[in-house]
1. Scan region 143-162 for residues that are out of contact with any helix residue (DSSP H, G or I) (no Cβ under 6 Å at 6 or more places or on another chain), surrounded by 13 or more Cβ atoms within 10 Å (Cβ to Cβ) and part of a helix (DSSP H, G or I) and jot them down.
2. Quick one: which of 130, 124 is touching a Leu at 6+ places or on another chain (Cβ under 9 Å), in contact (Cβ under 8 Å) with a residue 12 or more places away in the chain and in a loop (DSSP other than H, G, I, E, B)?
3. Is it true that some residue in region 125-137 is within 30 Å of residue 53 (Cα to Cα), surrounded by 14 or more Cβ atoms within 10 Å (Cβ to Cβ) and of a type in the set (A, V, I, L, M)?
4. Please find, within region 9-42, the residue that is nearest to residue 98 (Cα to Cα) out of those that are part of a loop (DSSP other than H, G, I, E, B) and touching a Ser or Thr at 6+ places or on another chain (Cβ under 8 Å).
5. Among the numbered conditions (1) under 26 Å from residue 176 (Cβ atoms); (2) touching a helix residue (DSSP H, G or I) at 6+ places or on another chain (Cβ under 7 Å); (3) among the acidic types (Asp, Glu), tell me where residue 119 comes up short.
6. Looking only at residues that are surrounded by 19 or more Cβ atoms within 10 Å (Cβ to Cβ) and among the hydrophobic types (A, V, I, L, M, F, W, C) in region 1-27, which one is nearest to residue 158 (Cα to Cα)?
7. Looking at residue 117 and the list (1) in contact with a strand residue (DSSP E or B) (Cβ under 7 Å, 6 or more places away or on another chain); (2) within 22 Å of residue 28 (Cα to Cα); (3) surrounded by 15 or more Cβ atoms within 10 Å (Cβ to Cβ); (4) not small (Gly, Ala, Ser), which single condition is not satisfied?
8. Of the numbered conditions (1) at pLDDT 95 or above; (2) surrounded by fewer than 20 Cβ atoms within 10 Å (Cβ to Cβ), residue 56 fails exactly one; give the number of that condition.
Amino acid sequence: MRGIIGLGNPGPEYQATRHNVGFEVVRALASAHGIRLGRPRAAAIAGTGEIDGAPVLLGMPLTMMNASGVAVQRLCHLYEMEPEDLIIIVDDINLDLGQMRLRRGGSEGGHNGLKSITERLGTRDYPRLRIGVGRPPAGVSARDWVLSPFSAEERDTVDAAIARARSCVETAVLEDIETAMNEFNS
C-alpha cells in the first residue's frame, strides 16, 4: 500500500492557505478515485481505496503542520507502511508558484512539517512532492506568507498545479517514483 499524506493545518481558518496545498491534492485524489476520507483516526483524517487497482491510503494530519510527524508515524504503524511507501505532499516557498518537485528523500529544506516527519520516522528517506507557493514579498515573514490565502490571480496557477500533482502521484503509484520524477519535475 502506498500512503499519500498531504500536509496542512486543520481548521476552517487555514483551509485556503498556502500551507494547505497538500490537503488540496489529497482531496483532489479522493474525489477523482472515489475514496472517502473518513472519521479521524491515528491523528489524521484518512481513507483507503485504489488508484486504478493499486491500494492507497490518503491522509491529512489533524495535528498542526509543525507536528505532522505524529500523525504520519501513527498512520505508518496502523497501516504497516515503511517510510519509502509514503508520498508526503507539502508547500514550498523556495519554488515558484505552481512549480513541483518530487524526490525520493533528502533535506527538509527548512520545512517544519518535514522536520517533524524526519524526527518521528528517524529517516529522511521518504518520498516528498513539493509544490511551489512562491517566495514571500519583502516585509512579509515566511510564517505569515504560508498562512495567507492565494490571491484570485494566483488561483488558476494553483489549481493547475494541484491537477498536475494529482497526475504525478497517480504516476508514482501506478508506475514508480522515478518515472513520475522524470515526467513531472519542473
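1. Residues satisfying the conditions are 145, 154, 157, 158, 159, 161.
2. Answer to the selection: 124.
3. Within region 125-137, one or more residues are within 30 Å of residue 53 (Cα to Cα), surrounded by 14 or more Cβ atoms within 10 Å (Cβ to Cβ) and of a type in the set (A, V, I, L, M).
4. That would be 9.
5. (1)
6. 21
7. (2)
8. For residue 56, the exception is condition (2).
The values are calculated or read from the model by the stated rules, or taken from the named source; none is laboratory data. Fair warning: this is a prediction, and the values are worked out from it, not measured in the lab. As a convention, Cβ positions derive from the backbone with ideal geometry for all residues, glycine included, and neighbour counts pool all protein chains shown.
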